[in-house]
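Worksheet: the structure to be examined is printed underneath.
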Amino acid sequence: METRAETPPNGRAAGDGAKKLGKRMEKVGQTAEQVWDRTRDSFADMGEALDIKGRVDRHPFGTVAAALGIGYVLGGGLFTPLTGRIVRLGVRIGLRIAVLPMLRQEMAELVGELEEEEEGKSRHAAGKTNANKGR
């Protein structure tokens, strides 16, 4: 009996597909490595431009607070009931801090104007009594 070499139905040799797949995988690997290198370089450049290490050394607590805030927002905490409560509390406190000094100033001005009016009335009344005494 005669044996013939088995070939796939498309007529290509069995090794051709494997070679092409291997070349494609190698090319994808090289491209991924280039993208990784560029991304790493971009982050390094950005880190140098932002002087992250220097900021951490100068303001460690502020840096941790910023990292927590960024993580909270990126983690999806922005549209939660807790965030709503925090924002309402912040607005209330902010309004009190901003509005109370303005109200105090307005009240002081109003009291000053009322005192001036009272002094003017008392001077006017004193002037009338002095005028009546002179007659």
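Look through 61, 43 and report the one residue that is under 21 Å from the mean Cα position of the chain (by Cα) and modelled with pLDDT under 90.
43
Out of the residues in the stretch 67-106 that are among the β-branched types (Val, Ile, Thr) and farther than 30 Å from residue 52 by Cβ, state the one that is farthest from the chain's Cα centre (by Cα).
Ranking the qualifying residues of the stretch 67-106, first place goes to 99.
The values are calculated or read from the model by the stated rules, or taken from the named source; none is laboratory data. Here the structure is a predicted model, which means the values were calculated and not measured. Don't worry about glycine lacking a Cβ; one is built from the backbone with ideal geometry, like all the others, and counts go over all protein chains shown.
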